[in-house]
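Once you've had a glance at the structure underneath, I'll fire off some questions.
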Amino acid sequence: MQDTRDKILSARYVAPVFTPRDNDRNVNYAIIPKYVDYLISAGVQGVLVGGSAGQGILQPNSERLAVARAFIAAAEGRLIVIVHAGGVNYEDTLTLCRDLSAIDGVDGIMLSTPIFYPYFTYSGLLEFLCDAGEACNGKPVLYYHFPSLTRLQYDVVDLVKNLKKRLRNFVGLKYTANDEEIYKKLVKQRIKIFLGFPSMTLVGAQTQGGQVSLITGPTNFVNGVMMRIVDLVLEGNVKKAKTIQKDLDDIMTMIVVEQELMSAMTHVMDFVGLPMGPPVKPLSDLTESQKHKIKWNLLNKDASEGKFIDMLDKYEAPSETASIYTSYLLMMSFAYLLYKVVDKRINNL
């Protein structure tokens, strides 16, 4: 366990990956290796599979396991792999934790509270997390703190203290909230903290310096921007870091059309060159009008340096169309050279 624990503690940029789907909403396993290569090229060090971005709680356990295995196979040890096991059914969650703990390549398991009923008592929540954590059979466990989604109001600092006492494999949490004071109190607990909101990138860099870590949706397409914010803070150029943070905040505002956050972020991957397809049902895909609005904003609105489209990390592997075009150019070049040779010989007759 120590090896995987150390991997998680050292990771700074982790992408909560989308679950790619075809037009029939079946999982598109074929694109996952390209997706993984792209993330690595963008500086990502790990993936969170089946989180809120991956829509894990809307998938059956069998599909969640299959998707996790696909990312592990594609990563080939180049990324840490954390898998989210939270759901709405207690027994299903424990079963998934046990199954994940038996898979080589799963470096950590993330737990969230069931989100359908926001009526858990503090003690009930703690018992649930300890039961699920024990079912992970020693795999490192992270808690997913997302109060705006779960609607649970409790002292997360006190919860962390209790998890540290009762769960030996507890290593930290994903903090998806904007309360800077609570975040700073959590830092004092000496646990691993992954920030879940991109708007906290600058605050995190100023608070934890080079130890700040992120698991946030935009890591999928603007990881370079977040890395740059952190680097600028470390260089002492906070003024420029604030400018880039504003760019990051603005790009998130312009892509979230009519509250469709997950579908909007998934659609942005089209501009990267890795289409993720529609979301899992019952989530709705964007309308053509919404897609056009995102495209117009990215192409036409100005960031501090160029257009917002220029902020995106690009998938640089040649597409099938590009390969065909390249082959066409080579064929035409060969034909032209052949023509010149034949023409010269005819003129010499």
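Whole number please: convex hull volume per residue of the Cα set in segment 73-147, in Å³?
Working: hull volume 6.9 nm³, N = 75.
Given the Cα convex hull of segment 73-147, per-residue volume reads 92 Å³.
May I ask you to evaluate 6.51 cos²θ - 1.76 cosθ + 1.60, the Karplus curve with θ = phi - 60°, for each residue of segment 131-144 and list the ³J(HN,Hα) values in order in whole Hz, giving x for glycine and proline?
Using θ = phi - 60°, the values come out as 4, 5, x, 5, 5, 7, 6, x, 5, x, 10, 10, 9, 9 Hz.
Next up: May I ask for the Kirkwood hydrodynamic radius of segment 149-262, worked out over all distinct Cα pairs and given in angstroms to one decimal?
15.2 Å
For residue 88, put the label point 7 Å out on the Cα→Cβ axis and report which residues of segment 150-164 keep their amide N under 14 Å from it.
150
For the chain, the longest stretch holding no chymotrypsin sites (Phe, Trp or Tyr not before Pro) located in a DSSP loop with at most 14 other Cβ atoms within 10 Å is which?
120-349
Cα centroid distance between segment 22-52 and segment 82-155, in Å?
For segment 22-52 versus segment 82-155, the Cα centre distance is 23 Å.
To continue, here is another question. Viscosity 0.890 mPa s, temperature 25 °C: give me the Stokes-Einstein translational D for segment 180-234 in µm²/s, with Rh taken as the Kirkwood radius over C-alpha pairs.
218 µm²/s
Looking at this model, which pairs from 239/301; 139/164; 161/184; 7/246; 7/34 are more than 20 angstrom apart at the alpha-carbon?
239/301; 7/246; 7/34
Taking 1 over the mean of 1/r across every pair of different Cα atoms in segment 33-89, what Kirkwood radius in Å do you get? List each step's numbers first, then the result.
Numbers: mean 1/r = 0.0858 Å⁻¹.
So the Kirkwood estimate lands at 11.7 Å.
Only four residue types carry charge here, +1 at the Cβ of Lys and Arg and -1 at the Cβ of Asp and Glu. Report the dipole size of segment 179-283 about the Cα centre in Debye, rounded to the nearest 20.
Dipole magnitude for segment 179-283 comes out near 500 debye.
Next up: If the viscosity is 0.692 mPa s and the temperature 37 °C, what Stokes-Einstein diffusion coefficient in µm²/s follows for the chain when Rh is the Kirkwood radius over Cα pairs?
Approximately 152 µm²/s, per Stokes-Einstein.
At q = 0.18 Å⁻¹, what is the base-10 log of I(q)/I(0) for segment 212-295 according to the Debye formula with one equal point scatterer per Cα and no solvent? Please give it to two decimals.
So the normalised log intensities work out to -0.80.
Same structure, new question: Where Rh is the Kirkwood radius over the Cα pairs of segment 1-156, the temperature 37 °C and the viscosity 0.692 mPa s, what D in µm²/s does Stokes-Einstein return?
207 µm²/s
Each label point is 7 Å from the Cα along the Cα-to-Cβ direction; what then is the distance between the points at residue 22 and residue 242, in nm?
5.1 nm
Relative to a virtual label point 7 Å from the Cα of residue 314 in the Cα→beta-carbon direction, which members of segment 31-45 show backbone nitrogen distances below 18 Å?
Backbone N within reach: 35, 37-43.
Another one. Run the simple label-point estimate for residue 291 and residue 305 please: 7 Å along Cα→C-beta, distance reported in nm.
Result: 3.1 nm between the two label points.
Using helices alone, what [θ] at 222 nm do you get for the chain, with -39,500 (n - 2.57) per DSSP H run of 4 or more residues, divided over all residues and rounded to the nearest 500? Kindly include the intermediate steps, with their values, before the conclusion.
On the way: 14 runs with 179 residues, N = 349.
It comes out at -16000 deg cm²/dmol, rounded to the nearest 500.
I need to check one value: relative contact order of the chain, counting alpha carbon pairs closer than 8 Å and at least 6 residues apart, in percent. Don't skip to the end; give the middle numbers.
Numbers: 549 pairs, mean separation 55.8, N = 349.
Reported relative contact order: 16 percent.
What is the extension gain from residue 98 to residue 166, computed as 0.36 nm multiplied by their sequence separation minus the C-alpha to C-alpha distance, in nm to one decimal? List each step's numbers first, then the result.
Numbers: separation 68, 0.36 × 68 = 24.48 nm, distance 1.86 nm.
Gain on extension, residue 98 to residue 166, equals 22.6 nm.
Also, quick follow-up: Probe radius 1.4 Å, ligands and nucleic acids left out: which of 242, 314 has the largest accessible area, and how do the rest follow?
Descending order: 242, 314.
Also: Please list the non-local residues whose amide H lies under 5 Å from the amide H of residue 105, H modeled 1.01 Å from N, same-chain partners needing a gap of 5 or more.
Distant-sequence amide H within range of residue 105: zero hits.
Using unit Cβ charges (K, R positive; D, E negative) and no other charged atoms, how large, in debye to the nearest 20, is the dipole of segment 28-183 about its Cα centre?
Value, rounded to 20: 200 debye.
Amide H neighbours of residue 21 under 5 Å, counting only residues 5+ apart in sequence or on other chains, H built in-plane at 1.01 Å?
28, 277
For a quick check: with amide H placed at 1.01 Å from N, whose amide H comes under 5 Å from residue 216's, ignoring anything fewer than 5 positions away on the same chain?
Close amide H contacts, sequence-distant or interchain: 14.
What's the local net charge at residue 94, with K and R +1, D and E -1, over the other residues with C-beta under 9 Å away?
Numbers: positive: 98; negative: 91, 92, 131, 134.
Taking every other residue near residue 94 into account, the sum is -3.
The values are calculated or read from the model by the stated rules, or taken from the named source; none is laboratory data. Quick caveat, the model's predicted, so the values are computed rather than measured. Here the Cβ is made from the backbone with ideal geometry for all residues, glycine too, and neighbour counts use every protein chain on show. Ligands, DNA and RNA are excluded from the accessible area calculation, which covers all protein heavy atoms including side chains. Shrake-Rupley method; radii C 1.70, N 1.55, O 1.52, S 1.80 Å.
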